[in-house]
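Please treat every number below as a calculation from the coordinates, not as lab data. Please read all numbers here as calculations on a predicted model, not as lab measurements. Neighbour counts run over all protein chains shown; Cβ positions are idealised from the backbone, glycine included.
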Amino acid sequence: MIRFEDVSVTYDGAVEPTVRGVDFEVPEGELVLLVGPSGVGKSTVLGAVSGLVPHFTGGTLSGRVTVAGRDTRTHKPRELADVVGTVGQDPLSHFVTDTVEDELAYGMESLGLAPDVMRRRVEETLDLLGLNGLRDRPIATLSGGQQQRVAIGSVLTPHPEVLVLDEPTSALDPAAAEEVLAVLQRLVHDLGTTVLMAEHRLERVVQYADQVVLLPSPGAAPVLGSPAEVMAVSPVYPPVVDLGRLAGWSPLPLTIRDARRRAAPLRDRLGDRDATPGRTPPGTGTGTGTGTGTQHTTDSPAASGPPPRTPAAPERPSRTAPAPGPQPATPAGTGAPHTTAAPNVSPLSDTRNDSGTQPGTAHSSRPEPGTHVTSGPEPGKPSAAPAGTGAPHTTTAAPHPSGPLSGTRIGSQALPDTAHTSRPESGKPSAVGAPAAAAAARRPRASLLRRLRGKAPSAGRTADGGPGAPYAAEVRSLAVRRGRVQALRRVDLTVSPGETVALMGRNGAGKSTLLSALVGLVEPAAGSVRAGDAVPHRTAPRDLVRRVGLVPQEPRDLLYADTVAAECAAADRDADAAPGTCRALLTELLPGVTDDVHPRDLSEGQRLTLALAVVLTARPPLLLLDEPTRGLDYAAKARLVGILRALAAEGHAIVLATHDVELAAELAHRVVLLAEGEVIADGPTADVAVASPSFAPQVAKIMAPRKWLTVAQVREALA
Amino acid sequence: MRRSGARPASSRAARPAGVPAPRHHRADALHPGAWWLWALALGVAATRTTNPLLLALLVAVSAYVVLARRPHTPWSRSYGAFVKLALAVLVIRLLFTAVLGSPIPGTHLIVTLPEVPLPDWAQGIRLGGRVTAEGLAFALYDAMKLATLLICVGAANALASPSRLLKALPGALYEAGVAVVVALTFAPSLIADGRRLRAARRLRGRPDKGVRGLLQVGLPVLEGALERSVALAAAMDARGYGRTASVPAAVRRTTAALTLAGLLGVCAGTYGVLTAAGGTYGVPVLAAGLAAALAGLWLGGRRSLRTRYRPDRWGARAWLVTASGAAVAALLFLAAARDPAALRPGVVPLVAPTLPLWPAAAVLIGLLPAFVTPAPEQLAKEPS
């Protein structure tokens, strides 16, 4: 149906071809998935099918692309419109008319179909895609999933033989993505449509593919094969494949179902390990202080971890004794990040599991970063950041950003043992359950932290939650109206320094609105919002950037300048930071970006990192990210995870609004689920994620009922 | 086709109670042209009178119909913008009268502003000075006329978006029409972009208000709009926009010749009509030019493959709506001829305007569309 014959595409002004030696054939009625890291030319290959490359984009295409027997060299896109339906990345820029029904008819009108045929097909398509209730609605008022379905429907009505989709589910919440994929599945099975699609979120789509075309690297020839074969060699793969590779399953499982069938031995094996004191399974609380202690030592043999960790435990008591505390902690702190850098995952998983269920940890983990702020960075500075960019970032300079994190985590872990006795109130299963009690428990500590901060000179400039603010963010019975829509109702949320919270929920559930409220972009209709000690919508922007920073959904919105250097200079001015602060940060987060690049020419992930550096220049203790992984491949995502973990370890409170369950599983201590503007669940990631079928990460589904969330946890446990 | 019953019944809560009109359904949606004719006819009627009571009645009539019958689309909110614009016109006109004075001789002095002495060459222009009730009343009446006209255009906009109207264009003009529609839909998204980017300035710690903020986001907004237009152009191309049928060369050439000749004829004819010398040839040449141009358009339409999906039909309701507007206009023309005093109340001497009964009754005919057209669908829920 689609045949590529030795195709290479060189864009005007480019030295090298974007894709080279593409030679494969997509048989009729198959769903073929195009995968590969960012920037390997997936969109170019897709564009070549519809003829937009090179007719619309310019450039030179050598070789031959034929679609249903038509050569794209001699057929312009509009002349292929009856055989190829194309849906781009952004459905909104696809729509020509303003209501659903007209949009479905538009393509047929262009092709000149008879009115009665059009009418029939529109009705059929409305039913096929479940859009009948929306037929008269203005497209602008639809949700993301609905828009994506309308976009697909609008290219289906002319009955194309080939459907080309570029990232159809990336912007969608898990449920909406399922909806779209179900439709595609139906088209392939019932109508025999040939589908070629590119997608970064392989965990959502790979099981539907009949074949996978892998573009391994820019300019490399594609690899075509069955999904299991290709996934075995692919540089990008979903967690289920990662787990399969880890466990040595062959052929690789692609679906949860396959993986679960194979996973019984693995579960048993891990179950055994769970029983040992070394790794306490999430379900069972850690008993005694010694228990936890052992756990660490047993955990770590994989890496050079143990020595620093054991000293980390004594650090805990220091917590209660403010002044001397940091001092003993200091050597441990410095030691830990660097030595444990390699096995960084292990401690994380420990904490996660613990905080998941173990009552005490939810609370204890909160003050922990505070300690870190005061103690960690101080020693870290001379060793790790000669550049002297400031305390919070020093630790980032360590080769593995998550290195320092592990140090902190260990600390937090040990804490319950020592601190538990003094804090019986922490017996609540979820952190939200007892905001009042938790707050009460935290208050003395906060003041203690404040005093600490005052003493530690470096900490003064670091993530400063603001004196007297125990939470980095505090939202109380917040209601927000947007036009006629009640976007949020009675939302309560508190985020402590060092805590990472994932906001999840379907498109339009109010996640972005909540973030906007936290940076003062929208005013509450009722209730209160505080970011540190400030009321965001009443605070002048200049002061607010030092308290809270938001990386918006489209990071480009934050970037105005022509070059990276100018952007960084402007960020320094905006934040009243020393010149060069932003640039130094950027170099830490993303080495190898030159000064004179235009922000527009950066890749999606690079642009996100630049925006992050710009926001971090003001060192806000509260960092918000809206849908940060849209358009990122797995490698870029892993970098982001590393950066965010390190930031959390430094005491930044992080709130992410995301649809990416895998990201939430990797990063978040807590997950807050929103629906229709209300908080419907708020608890440790392991609990919330495992409880919800649509928000559970793949590993959790495979390992259920055990609460493993990420492959990294499993890998560490097996090591 | 009519009321096929395939679509779910919608609630009719939005309409005033007890109005016997059919529920909204695409098949019997009113032709957008009817709405525009009705609204423009009300506007024309407004030009016939300066009686503030009659003008207020006209505004009330259009507002009632708009509130009862506007659909739930982003476009329909434009009515509010037009009302604000009309108020601004009113205020500006009154301010100018107060500051620059008025030619109307008045005796009822309201206030005397300090007068700015102007040099000789600026004779006839006055700054400041006496502000009289007569002058203000005259300005108010005059400005109300313009404001009413604006509100009527706003009503047309709200009731039938221009993009729906453009769909009724002849085939040859269709592609130009789509370009206009796309431009029209980009304006709102441009504004939305501007707002979003201005808000984003706040995230950078810069003030999000003020002119500078607006200027600084200008370039990124335009860049974004441009990128989106390119993406849309690609999508439209891939969906078959601009596909043409192959027509015989002879037809193509004839089309070109007819269109060109028609346009030249229209130009020459217009020139003839407007100049004193060309009184004899002006009208026939203009007519011939128009005919040629129309023929060219019709022939040109044969190149376009396009078909129309469920075009709006011009039915009995459309006739009724149009007729109601036309009746208002015609009756006010008649009234203006018969009873100029009532429709143009004097300001010297200053008298309170009275509401002439039968012209007022005539204006009320304009309410007819609120009762005979289908009610808009009530939106169940609007996601953010």
What FRET efficiency comes out for the pair A:A264/A:D127, r = Cβ-Cβ distance, R0 = 25 Å, nearest 0.05?
0.05
Determine the shielding of peptide A:51-59 by partner chains: average, over its residues, the number of Cβ atoms on other chains within 10 angstrom of each Cβ.
2
Taking the highest mean first, how do the peptides A:47-54, A:233-240, B:243-250, B:85-92 order by number of other beta carbon atoms within 10 angstrom per residue?
A:47-54, A:233-240, B:85-92, B:243-250
B:L264/B:W358 FRET efficiency (R0 56 Å; Cβ-Cβ; nearest 0.05):
0.70
What per residue convex hull volume, in Å³, do the alpha-carbon atoms of the stretch B:171-238 yield?
83
Applying the gyration tensor rule to the Cα atoms of the stretch A:610-691 (axes a ≥ b ≥ c; rounded if a/c under 1.5, else prolate if a/b exceeds b/c, else oblate), the class is prolate
Mean separation of Cα contacts under 8 Å (6+ apart) over length of the stretch B:171-238, as relative contact order %
28
Peptides B:46-55, B:255-264: what's the order by average Cβ count within 10 Å, highest mean first?
B:46-55, B:255-264
Could you tell me which helices of chain B pass both thresholds, a Cα extent of 24 Å or more along their own axis and a mean Kyte-Doolittle hydropathy of at least -0.5, with helices taken as whole DSSP H runs?
B:52-69, B:78-100, B:133-159, B:174-203, B:211-238, B:249-274, B:282-300, B:316-338
By a straight-distance test (C-alpha under 17 Å), which aspartates and glutamates pair with B:K167 as possible cross-link partners, with residues fewer than eight away in the same chain excluded?
A:D98, A:E101, A:D102, A:E103, A:E109, A:D136, B:D28, B:E175, B:D312
Would you work out which of B:A81, B:L136, B:H108 lies farthest towards the positive end of the dipole of the stretch B:69-145? Charges go on Cβ: Lys and Arg +1, Asp and Glu -1.
B:A81
Cα-projected label distance for A:A175 with B:T47, points at 7 Å along beta-carbon direction, nm:
5.6
Using only the Cα atoms of chain B, build the gyration tensor, take square roots of its eigenvalues as a ≥ b ≥ c, and label the shape rounded, prolate or oblate: rounded if a/c is under 1.5, else prolate if a/b is larger than b/c, else oblate.
rounded
Per-residue average of Cβ from other chains inside 10 Å of A:547-555
2
In debye to the nearest 20, how big a dipole does the stretch A:2-237 give about its Cα centre with +1 on each Lys and Arg Cβ and -1 on each Asp and Glu Cβ?
300
Over chain B, what is the mean sequence separation of C-alpha contacts under 8 Å (at least six apart), divided by residue count, expressed as relative contact order in percent?
33
Give me the percent relative contact order of the stretch A:2-237, please, defined on Cα pairs under 8 angstrom at least 6 residues apart.
29
Picking from B:W358, B:V221, B:G282, whose Cα lies most toward the positive end of the charge dipole for chain B (charges on Cβ: Lys, Arg +1; Asp, Glu -1)?
B:V221
Estimate the FRET efficiency between B:A316 and A:L191 by the formula 1/(1 + (r/R0)^6), using the beta-carbon distance for r and 45 Å for R0, to the nearest 0.05.
0.60
Two pseudo-spin positions, 7 Å from Cα along C-beta at A:A704 and at A:D12, lie apart in nanometres by 5.4
Quantify how strongly other chains surround peptide A:134-140 by giving the mean number of their Cβ atoms within 10 Å of each of its Cβ atoms.
6
Student exercise, the stretch A:583-719 dipole from Lys, Arg, Asp, Glu Cβ charges, in Debye to nearest 20:
360
